[in-house]
There are 2 protein chains.
Amino acid sequence: MKTINIFGVTGSVGLSSVKVLKQHQDKFSVNAITGGNNVELLAKLAVELNAKYAVIANETKFETLKSLLSGTDIKIDCGKGGLLRAAEQEVDICLAAIVGYAGLKPTMRSLKYAKRVALANKECLVAAGELFIAEAKKHGCEILPVDSEHSAMFQCLQGSQNKQMEKILLTASGGPFRRYTMDEMRHITLKQALKHPNWNMGAKITIDSATMMNKGNELIEAFYLFPVSLEQIEVVVHKQSIIHSMIQYCDGSIIAQLGAPEMGTAIAYAIGWPNRLELDFKRLDLFEIAELSFEKPDEKRFKCLSLSKYAVKQGGTCATVLNAANEVAVDAFLKNKISFLNIADICEETINKAQSKNIIVNASELNDICEVDTMARQIAMTLF
Amino acid sequence: MKTINIFGVTGSVGLSSVKVLKQHQDKFSVNAITGGNNVELLAKLAVELNAKYAVIANETKFETLKSLLSGTDIKIDCGKGGLLRAAEQEVDICLAAIVGYAGLKPTMRSLKYAKRVALANKECLVAAGELFIAEAKKHGCEILPVDSEHSAMFQCLQGSQNKQMEKILLTASGGPFRRYTMDEMRHITLKQALKHPNWNMGAKITIDSATMMNKGNELIEAFYLFPVSLEQIEVVVHKQSIIHSMIQYCDGSIIAQLGAPEMGTAIAYAIGWPNRLELDFKRLDLFEIAELSFEKPDEKRFKCLSLSKYAVKQGGTCATVLNAANEVAVDAFLKNKISFLNIADICEETINKAQSKNIIVNASELNDICEVDTMARQIAMTLF
């Protein structure tokens, strides 16, 4: 029986993890679960999963949580402090699935108290990659990727030596606007951008997929998770999203991981590894798919991808700035304040301004990251 | 420095292995090499590879070999006895790449004297699977597959437990006649059949690919190499031959191995495992390929495939009979004595007649296999 915390249980990844845990109740004992705003769902899941703690990030919902869980043994907590207190409970596994930068602090904290962090909160690596990896090493905490692409890479690396890896082939659906001309991209609506061709995910990541910032973030993640140089990571547009990524080895052999677009598989691998948990999700039917295709990404139309490469090359907190700018810009786009193409423009411009203000530094502690993040957000907000 | 024997060095797989060994002369020391008929090439390779022994199977070429290698330190031998004597030399690795049933005895013998058999001689498993595997276990000899499909399966199984395997997805190019109607298949010429769309291989295996008997043989091989039932092996027609095979796991995840159509990769994996040998062969360019496709095989047009499944279901020496009949039939087709479709008909009819004569038995030793093989060949030869 392994103990597990689920951070962000009411989100898309969190709910997928619930499906997995329900198929393996004999193997996992749920300790703390946390949610952002959806207090009703949080309370319902706390009961269903027989959790010991339920934490609501939005403090104004605390009273509701209290009344929803009154008469149960489930302990409750709230706010940023509540998230950190949940992170400080010793568990075997912490599934870190809070969306965005908000997850950084509690996930970072959990590296000290959990034996393994199953990482879905990509901003930990995007905004604070170097620090995050160093902290995990310091505490001997395993980081297992939950993103389907990085899970694929990790699966394809099993039984092999890292030094035999020649290249990571990071696949990308290309999003809904893969074939749009630059002119068509000027008129993309929010509704169009929220419709991902293959995956059903949260709003933020769906927009990031449409701009390919998500792939840029994944490139940064891969850079920190695996011992490769930037040049060893190649983005391959593969519109069917069936191959979740590949590893090319020094003998020319390529190992790929394929699957249905089901987050549960990557979650199960991250919490079950080195074993594979049996799952009764629908199997991939290659005959139904019939065809897998590949093309090069267009970094002119999808500027976010080249910005993320630039951020890796720059090092320091450049990716922190990029991430902050993107979060601000996507939020503005979701609120219909800016156009689709503005997102990348704001990211680019924020990096430029941050550089001229010497904000891009080598972070030595989490506070440095937080300061840079705050300043970058302030810059980004002046740009629309 | 590992010592290695190469059986069938002048064949297609043998020559690929030479390309690999030339890239890794510091790791392997060539002991014996054997060839069937091409004595000039055998002598040339013996010198190039600095081999200790050179064996020509065709005894009438022995004097030529002697004169070609006079003045060198290379010891020479010939005939079936010579092959067996080569097999009895203790080495780290025996690369078994003799084409057809002729390789069975020497390869079987090498299981006792080699630490590892890198197996390209598929008839060992097709004609004598149970016995061959039992003999390898008895002597603690590792069998590593060299067929690109089985190498792919083996690669995809690295770092996983066999019991977590749900299914083997055995890919097949479908051969040059994948899209032919039954009527068009009646008029296939030898020249057409010898032209494989993706791989450059020997004549026998090229015809076997065209009839899909090769895929049937590989299905039988997979059945003996991996702990699966017949129902767990699915043939997937994948005309590009880029994915060399896949393993589906109990969590629905599929691991695939991809590569350029280059036998060297599988050979290098079999002799280098658990390490991957660096190879400077051309890398796969997914952008150039652009597309991978999948379809179900048509066992009506490609009857050899269903015959091989039937042989596995029957067990005993049924696959021995099928293999013998196919070797006779392909030989007859190569000599323009029978039509393309006759190959499968002769295989089917030979099995029927062998069953009515009670030739299909449970073999307890190699002689049983040899007897059944001889009888099956006699039957097959009466059928054209």
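The values are calculated or read from the model by the stated rules, or taken from the named source; none is laboratory data. Treat the numbers as computed from the prediction; the structure is a model and nothing was measured. Quick reminder, even Gly has a Cβ in these numbers, built from the backbone with ideal geometry, and neighbours come from all protein chains shown. Please note that ligands, DNA and RNA were not included when accessible areas were found on the heavy atoms of the full protein model with its side chains. Shrake-Rupley method; radii C 1.70, N 1.55, O 1.52, S 1.80 Å.
Taking +1 at the Cβ of each Lys and Arg and -1 at the Cβ of each Asp and Glu, which of B:213, B:98, B:161 sits farthest along the dipole of the range B:78-231 towards its positive end, judged by Cα position relative to the Cα centre?
B:98
Give the value in nm², to one decimal: projected area of the alpha carbon convex hull of the range A:182-252, averaged over all directions.
It is 6.3 nm².
Give, in whole angstrom and from largest to smallest, the semi-axes √(5λ) of the equivalent ellipsoid of the range B:76-229, with λ running over the eigenvalues of the Cα gyration tensor.
30, 22, 12
Under the definition of partner shielding as Cβ atoms of other protein chains within 10 Å of a residue Cβ, what is the mean value for peptide B:254-264?
What the average comes to for B:254-264 is 6.
Which parts of the range B:285-312, residue by residue, lose 20 Å² or more of accessible area when the rest of the protein chains are there, as against the chain isolated (1.4 Å probe)?
B:286, B:287, B:290, B:291, B:292, B:294, B:296
Quick check: from the Cα gyration tensor, does the range B:1-68 come out rounded (a/c under 1.5), prolate or oblate?
Prolate.
How high is the relative contact order of chain A, in percent, with contacts defined as C-alpha pairs under 8 Å that are six or more residues apart?
RCO, chain A: 15 percent.
In the calculated pair distance distribution of the range A:303-380, what percentage of Cα-Cα distances lie above 18 Å?
Across the range A:303-380, Cα pairs with separations above 18 Å total 34 percent.
With the dipole of the range A:253-336 worked out from charges on the C-beta (+1 for Lys and Arg, -1 for Asp and Glu) around the Cα centre, which of A:318, A:292, A:281 lies farthest toward the positive end?
A:318
With the other protein chains left in place, how much accessible area per residue, in square angstrom, belongs to the range A:2-145 at a 1.4 angstrom probe?
Solvent-accessible surface per residue comes out at 41 Å².
Does the range A:278-328 come out rounded, prolate or oblate, given a ≥ b ≥ c as the square roots of the eigenvalues of its C-alpha gyration tensor, rounded meaning a/c under 1.5 and, failing that, prolate meaning a/b above b/c?
It comes out prolate by the Cα gyration axes.
At 4 °C and 1.567 mPa s, what whole-number value in µm²/s does Stokes-Einstein give for the translational diffusion of the range B:2-145, with Rh from the Kirkwood sum over Cα pairs?
88
Stretch residue B:115-residue B:289 to full length: gain in nm at 0.36 nm per residue minus the Cα-Cα span?
Length gained, residue B:115 through residue B:289: 58.8 nm.
Just tell me how shielded B:231-241 is by partners: mean number of partner chain Cβ atoms within 10 Å of each residue's Cβ, no decimals.
That average works out to 1.
Nearest 100 Å² is fine: how much accessible area is buried between B and A, summed over both sides, with a 1.4 Å probe?
3800
If you put +1 on each Lys and Arg Cβ and -1 on each Asp and Glu Cβ, how big is the dipole of the range B:303-380 around its Cα centre, in Debye rounded to 20?
260
Counting only C-alpha contacts under 8 Å and six or more residues apart, can you give the relative contact order of the range B:303-380 as a whole percent?
Averaging sequence separation for qualifying contacts and normalising by length gives 41 percent for the range B:303-380.
Under 19 Å between alpha carbons, and skipping anything fewer than 8 positions from residue B:191 in its own chain: which lysines qualify?
Hits, sequence-local ones excluded: B:204, B:335, B:337.
What number comes out for the charge environment of residue A:19, summing +1 per Lys or Arg and -1 per Asp or Glu over other residues with Cβ under 14 Å away?
It works out to a net charge of -3.
Show me the ranking of peptides B:181-190, B:30-39 by mean Cβ neighbours inside 10 Å, starting with the highest.
The packing order, highest mean first, is B:30-39, B:181-190.
Report, ordered by chain and residue number, the aspartates and glutamates lying within cross-link reach of residue B:353, taken as a straight Cα distance under 16 Å and ignoring same-chain residues fewer than 8 apart.
Of all the aspartates and glutamates, those that pass the test against residue B:353 - Cα under 16 Å, at least 8 places apart if same chain - are B:345, B:371, B:373.
In 5 Å bins starting at 0, how do the alpha-carbon pair distances of the range B:215-298 split up by percent?
Final binned percentages: 3, 11, 18, 23, 21, 17, 7, 1.
Using a probe of 1.4 angstrom, how much of the accessible area of the range B:335-384 is carbon and sulfur, in percent?
C and S atoms contribute 45 percent here.
From the helices alone, meaning DSSP H stretches of at least four residues, give me the mean residue ellipticity at 222 nm for the protein assembly as shown, per-run term -39500 (n - 2.57), in deg cm²/dmol to the nearest 500.
-14000 deg cm²/dmol
Compute, for the range A:9-135, the length of the dipole vector about the Cα centre, with Cβ point charges of +1 (Lys, Arg) and -1 (Asp, Glu) only. Units Debye, rounded to 20.
Charge dipole, the range A:9-135, about its Cα centre: 100 debye, nearest 20.
Among residues other than residue A:382 whose Cβ falls under 11 Å from its Cβ, what is the net charge (Lys/Arg +1, Asp/Glu -1)?
In short, +1.
Can you bin the range B:46-93 into rounded, prolate or oblate? Criterion: square roots of the alpha carbon gyration tensor eigenvalues sorted a ≥ b ≥ c, rounded for a/c under 1.5, prolate for a/b above b/c, oblate for the rest.
oblate
Sequence gap at least 6, Cα distance under 8 Å: using those rules, report the relative contact order of the range B:42-183 to the nearest whole percent.
The normalised contact order for the range B:42-183 reaches 15 percent.
Restricting things to alpha carbons, tell me how big the protein assembly as shown is in terms of Rg and Dmax, in Å.
When restricted to the Cα atoms of the protein assembly as shown, Rg and Dmax are 30.2, 98 Å.
Quick one: net charge of residue A:205's neighbours, Cβ under 14 Å, K/R +1, D/E -1?
Here the count lands on -4.
Nothing charged except the Cβ atoms of Lys and Arg (+1) and of Asp and Glu (-1): what's the magnitude of the dipole of the protein assembly as shown about its Cα centre? Round to the nearest 20 debye.
I would put it at about 100 debye.
Can you find, among B:339, B:65, B:126, the residue farthest towards the positive end of the dipole of chain B? Put +1 on the C-beta of Lys and Arg, -1 on that of Asp and Glu.
B:65
Which value does Rg/Rh take for chain A over its C-alpha atoms, Rh per Kirkwood?
Rounded to two decimals, Rg/Rh equals 0.95.
Under 10 Å, Cα contacts only: if you run a Gaussian network model on chain A, which one of A:365, A:262, A:221 comes out with the highest mean-square fluctuation?
In this elastic network of chain A, the residue with the biggest mean-square fluctuation among A:365, A:262, A:221 is A:365.
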